[in-house]
1. Does the stretch 91-101 contain at least one residue that is in the same structural domain as Ala158 (by TED's automatic domain parsing) and more than 30 Å from Ser231 (Cβ to Cβ)?
2. Among Leu308, Leu304, which is the only one that is part of a helix (DSSP H, G or I), hydrophobic (A, V, I, L, M, F, W, C), over 24 Å from the mean Cα position of the chain (by Cα) and surrounded by 14 or more Cβ atoms within 10 Å (Cβ to Cβ)?
3. Among Thr249, Thr201, Thr225, which is on the phi > 0 side of the Ramachandran plot, crowded, with 16+ Cβ neighbours inside 10 Å and either out of contact with any Asp or Glu (no Cβ under 6 Å at 6 or more places or on another chain) or not polar (S, T, N, Q) (or both)?
4. Taking the options Gly107, Gly32, Gly19, name whichever one is within 28 Å of Ser395 (Cα to Cα) and surrounded by fewer than 18 Cβ atoms within 10 Å (Cβ to Cβ).
5. Just the residues that are among the hydroxyl-bearing types (Ser, Thr, Tyr), more than 22 Å from the chain's Cα centre (by Cα) and not in a helix (DSSP H, G or I), please, taken from the stretch 223-267.
6. Can you name the helices (runs of 4 or more DSSP H) wholly within the stretch 1-90 that have at least 1 residues being over 25 Å from Ser242 (Cβ atoms) and of a type in the set (S, T, N, Q)?
7. Please verify whether the stretch 102-113 includes one or more residues that are of a type outside the set (A, V, I, L, M), modelled with pLDDT under 95, touching a Lys or Arg at 6+ places or on another chain (Cβ under 7 Å) and part of a helix (DSSP H, G or I).
8. Looking at this structure, is Leu59 modelled with pLDDT of 95 or more, within 26 Å of Ala355 (Cβ to Cβ) and in the same structural domain as Val161 (by TED's automatic domain parsing)?
Amino acid sequence: MTDQPAQRATQLAERFWNGLLELEPLTGTYVGDERFDDRLSDPSDQDQAEMAAFFEVALAELATIDPAALDSALRTTLDVIEQGSRRAVNDIAHRVDRLHAVTHLFGPGNLLATLASIQRADTPERVDRYAARLSAIPGWLEAVGTVAMDGARLGQAAPTVVVDRSIGQVERLLAMDPAASPGMAPASGASAEGKDRVLSTLREQVWPAYERYLELLRRYRPSATESIGMSFLPDGEAMYASQIEAFTTLPLEAKEVHGVGLAELATIQEERQAIAEGLGHPDVESALREYEATGRDRAATRELMVRLVEEQVRRSWEAAPAFFGRLPRANCEVRPVEEFREDDMPGAFYNPPTADGSRPGVYYVNTGHLDQRPLHQTATTSFHEANPGHHFQISIEMEFTDRLPVRRFGGFLVGDAFVEGWGLYSERLADEMGLFGNEYERLGMLEAQAFRAGRLIVDTGIHALGWDRERAVRQMMDTGSTRADSEIEVDRYIAWPGQALAYMIGKLEIDRWRQAKGRQEGGAFSLRDFHDRVLALGSLSLASVARELGVPPRS
């Protein structure tokens, strides 16, 4: 007899995933499903209503399926659907999309660079799809602009610093010749005719559309807020509370998170001081000044920075089998961030591979402003973004081919706490793996840990406690970051409330699971097996992972 709950759960998961890809076509492109590569999402108010209905129907059907009647794979699949649907419904209710319409992080100015990293137009059919998607950009930008202006009229506008960064980003894009722009990258393997078609679409449709969007941003700017915190917006406190839960997957109070950040930062600073004293210095600052004076803490060229990171990625890959029973099928590639957007992007980030491996996982390293990028911090970033961090976690999750697509690829639906928590946990794990070349790189690891503790303090300071930008920047500099990186990061927190909380909150939960399993299993505990089990569970809410591990929930 057919297992009815399992059958209904499977059918729901399949319908949900296909419906989601129609609503969010770029998601399919990210994972290598090319069915919707010829279109963009609809940012309009009408589509927001349709999306809300889609997720509410999913939640209603979920309520009729007993999770106790399902195995772990299906139970966690439904967890992803439920968490993602609740998060989406909350975002739509608060109209978070109005803030996403003007942002330098993942907004319109980044679209062509995003397509450059995920889409291919190397066959006639793929050229057709890509050209159609490019032709959709003018209508998409117009709809995004309408959403932005509606938000401004209702008092839900982005802060001035975010608007100014967005304007500068689009200006830099328009200053490029379309032939040398990221918009041509997907067509690098196309025929001459295909390249000409893409180029003419960029020149005749996309560039004029971005010029109109730039003019809209300039009209929008007088409505921008001088205050930088979400709590200053209408219903801002409730909106920020929803973002804390969306990204951490836990119902935490802002003041509680702030306190965790202060306590973690104090502990990390003590560790940093101990290393400095071990190096013969009275404090961390003097130890790093001496190291800087040797000239060994900066890369002389962009090429040297990329080569250094490639070596770190290779070494971490070779050391991994002692700590993991299962590795990704392939190592990731290293590429520099495109120069036109490097001023607005973090020091590094990771793009996952496609399901079939035809596009590799890529670790992007920012090679701009090398005089402000200390090399002693670079190693820990590589271990966070590549191995054993994001590349391991995301690639391994995607390689469970027996799972339904929403479970393999839908981790983004549930918030960032597991993914970013694993990345931060991996920085400490890299120390256990012996990957740091000297005590200065270990200081860099602790600076990164302090940086994430600082994020708990600063994100909540900005969005719940009324901090201004300079106070936030100074707090981040106190963690050991340069002013340039602190300003980029603070502007990121301003533009993306709550996301920065995911890292340390997630990492502390993984630490708690490891300690709990160690107590439960005693001498039989295997760190290698623990890592394999955690990565096999993958991107779920923190409570779901704890349940599947048999660990009591966070008190």
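The values are calculated or read from the model by the stated rules, or taken from the named source; none is laboratory data. All values reported here derive from a predicted model rather than from experimental measurement. We place every Cβ from the backbone using ideal geometry, glycine too, and count neighbours over all the protein chains shown.
1. Scanning the stretch 91-101 turns up no residue that is in the same structural domain as Ala158 (by TED's automatic domain parsing) and more than 30 Å from Ser231 (Cβ to Cβ).
2. After applying the criteria, what remains is Leu304.
3. Every option except Thr249 fails the conditions.
4. So the residue among Gly107, Gly32, Gly19 that is within 28 Å of Ser395 (Cα to Cα) and surrounded by fewer than 18 Cβ atoms within 10 Å (Cβ to Cβ) is Gly19.
5. The answer is Thr225, Ser227.
6. 4-23, 25-31
7. yes
8. no
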